Structure formats: C-alpha cells, structure tokens
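Following: one structure in structure tokens, then a few remarks.
The values are calculated or read from the model by the stated rules, or taken from the named source; none is laboratory data. Owing to the predicted nature of the structure, the values given are computational and were not obtained by experimental measurement. All Cβ positions, glycine included, derive from the backbone under ideal geometry; neighbour counts span all protein chains shown.
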Amino acid sequence: MTSTWVSVLASYLHLLAVAVYLGGSVAMEFVLGPAQKFIPPAQAQVMGQKSADRFLALVWGSLALFPISGMLLLFSTSNQSNVSGDKFFTTTYGRTLFGMIFLWCVLVVNGLIITFVLRPRLNQKASGKGGGSNVSANLERAGKAARWVSIITRIDLGVAVFIVLLGASMAYGNGLI
Amino acid sequence: MKVILLFVFGMGWSVYLGGALVMAWVWRPLQKGLPPGQTGILCLKMGRIYKYLALASLGLVALSWAVLGLIDHHGVLVGTNGVFEVGLSGLVRGIVGATIWLALVGFVLVMGVFLHPSSHIRAETTQGEAGREKMKEMRLKSISRMNRVLKAELATALGATLIMAMSSATVIPGGH
C-alpha cells in the first residue's frame, strides 16, 4: 500500500514537472513573448528579464523533479527489473528510458547555457555596463544572445514534446525506441 | 493509436496547466512592477491569446480522453488498476472527469468572456466624475473576482492532476 501512495506522489510530481516545463515554455513563448511587442522596448526588456528570472526558477525546479519523481515511479511500480543490467540497452523499454534520460541531459545542458552564458549577456544590455563605445558592442552581443535564447528555447520545446511522446509510449506499452 | 491519444492528452493537459501556472506564478506578480497603462495593454493581448490556448488544449484533453475511453476500457486513463478506480464504476469516473472538465472550461470562459473584458472598461469622457468612479469600481471588482476565479481554477486543475496520478494516468512505467 505504501508503494502505491509513493507511486501516486511520484506520478503527481512527474505530471506537475512536465506541465510546468512544457506548458510553461509554451505560455512564455506564445503568450508572454508576443504580448511584449505592444509595449515600449525598454519596458519590454525589463518585463522579459523579470519574467525569465521567475520562469527559470520553475524550469530548474521541474528539471530537478524529473529524475527524482522518475526514479520513485520506477521503484514504486517495481519496474526496475525492466532496466537492470543490459536490459537498459537491449530492450525497447530500457532504450526508451535511456532516450528520456539522454534528452533530459540535453535540457539541463541547454538550461545551463541559457542561465549562465546567455542571460548574463542580456542583463548587461539592461544595465548598459561599460558605457560609451562599449554600449553598441554590448547591444550587439545582447541581440545575438537573445536570438540564441529564442533558438534554444524552441529546441527545448521540441525535445520536451518528444519526451512526452516517449513517456506516453512507456505508460501504454513497452516504449518506442 | 493509444500511445498517440495519450500523447495528445498529455500535451493538452501540460499546455493548459503549465499556462495557468505561468499566469499565476510569473505574470500576476510581474504586473505590480509595471505602469498601469502598459499592464492594461499586456493583460488585454495576453488574455486573448491565453483564452484560445486554454480552450484549445482543454478541447484536445476532452477529445483524446473520450476516444481513449471508447477504444480502451482498461487503459491507463480509465484503467482499473489505479487507486482512484477502486470501488468506482466507469460511469462514476466518467461523470467525475466530465464535471471537472466542464468546471475548468467554465472558469476559462467566465474569465475570458465576462471578467477580463470588464476589467478593461473605460469611462466615456461624457460620463463625468461619478461615471468614471463607477467604472473604476467595476474594474477593481472584476480584477478581484478574476483573481479568485484564477485561484479556484488552479486548485481544480491541481486536484484533477492528483486524480490523474491516482488513476495511474500517464507516465507510470508499464502502467497499462
């Protein structure tokens, strides 16, 4: 009975994490993003920064929840034997799980690039740090960074959609890969 | 086919719930730091897009859930092995699911059709001071009602997610 409730909790957290990551990204990209065009650029930038800061907290929270709730699910439903030893690579179920873990790593790496490489460059634009001749260089760097953030965010969305497909295949069958 | 339907269900639910959480966790607190005029514009534009996004994703949820229920009486969404299923007939589970879905659609429509537009009404120049005060009062009332409905919507959606988890609804490995 305890393992049933652990699996319910794990499933709940897993669903929440997926919703926050995937649905949140869709809302940020297709609801908040387009609306920013209707206010002055400076204000839009401040808004973009603040909303991204808050959303990144949600993103990292859900990225941390994926492996924790996933492991809990695997063990509470006694499915660990399906991925033990070489089954991780030789069975469809194991390979699908491996694919999900690999794609999760892709999301983490992309998250790290956005948080620690691209976001600081965008913030530099907001503060105008450097002044004088550096301002235009900063603006150019920030413009590039914004474009990369947008590209990476869309890649992440595609990856997350594929992870949901893999998850559905594991829930309703033996996997996909 | 069943995997695709479950995928559509998962996508629809994720987009809906994630969108509602972003509106509550990211957008609402952000409003306080913006000038009122710009908040109004953003609110109007986002409200319109969000309304259609939420209704479309809830539509996908209903469609995939209904088809899954029709083609598979023992599947994960309407299965018999989850905690929620124990002691409940298929009809009761269907009624619970449909009630929750209708409530969520109702929340989105109440906000999108009634409360959101009335939180943006402006007084005509001919209405005078009293008219302007009345409009302002109506706007504030609508905003406060909208906040309450949003909270109720979120609580219902989170409760529904718990039921899905109890029904071993989506991603329990091998939970078929």
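Among the residues of the stretch A:38-78, just one is surrounded by fewer than 19 Cβ atoms within 10 Å (Cβ to Cβ), within 24 Å of B:SER167 (Cβ to Cβ) and more than 25 Å from the chain's Cα centre (by Cα), namely A:SER78. Of all residues in the stretch A:57-74, which are hydrophobic (A, V, I, L, M, F, W, C) and more than 10 Å from every other protein chain (Cβ to nearest Cβ)? Within the stretch A:57-74, A:VAL59, A:TRP60, A:LEU63, A:ALA64, A:LEU65, A:PHE66, A:ILE68, A:MET71, A:LEU72 qualify.
Could we say that B:LEU42 is farther than 17 Å from B:MET111 by Cβ and assigned to a helix (DSSP H, G or I) here? No; evaluated as a whole, the condition is false for this residue. When A:ALA17 is tested against the conditions (1) surrounded by fewer than 19 Cβ atoms within 10 Å (Cβ to Cβ); (2) more than 9 Å from every other protein chain (Cβ to nearest Cβ), the lone failure is (1).
Scanning the stretch B:1-20 for residues being more than 18 Å from B:LEU150 (Cα to Cα) and more than 7 Å from chain A (Cβ to nearest Cβ) gives a total of 6. The single condition among (1) in a helix (DSSP H, G or I); (2) modelled with pLDDT under 80 that B:GLY159 does not meet is (2). Of everything in the stretch B:21-41 that is within 8 Å of chain A (Cβ to nearest Cβ) and closer than 30 Å to A:LEU166 by Cα, the residue that is surrounded by the most Cβ atoms within 10 Å (Cβ to Cβ) is B:VAL22. Taking the stretch A:1-107 and the helices (runs of 4 or more DSSP H) fully enclosed by it, the elements with 2 or more residues that are of a type in the set (Ser, Thr, Tyr) and under 20 Å from A:ARG119 (Cβ atoms) are at A:41-76. Say whether the condition of being at pLDDT 85 or above and either over 30 Å from A:ALA10 (Cβ atoms) or surrounded by fewer than 16 Cβ atoms within 10 Å (Cβ to Cβ) (or both) is met by at least one residue in the stretch B:114-131. No, the stretch B:114-131 contains no residue that is at pLDDT 85 or above and either over 30 Å from A:ALA10 (Cβ atoms) or surrounded by fewer than 16 Cβ atoms within 10 Å (Cβ to Cβ) (or both). Would you confirm, using the coordinates I've provided, whether B:LEU53 is of a type outside the set (Val, Ile, Thr), under 18 Å from the mean Cα position of the chain (by Cα) and under 27 Å from B:TRP101 (Cβ atoms)? Spelling it out, B:LEU53 is indeed of a type outside the set (Val, Ile, Thr), under 18 Å from the mean Cα position of the chain (by Cα) and under 27 Å from B:TRP101 (Cβ atoms). Taken over the stretch A:70-128, residues that are at pLDDT below 85 and in contact with a His (Cβ under 7 Å, 6 or more places away or on another chain) amount to 1.
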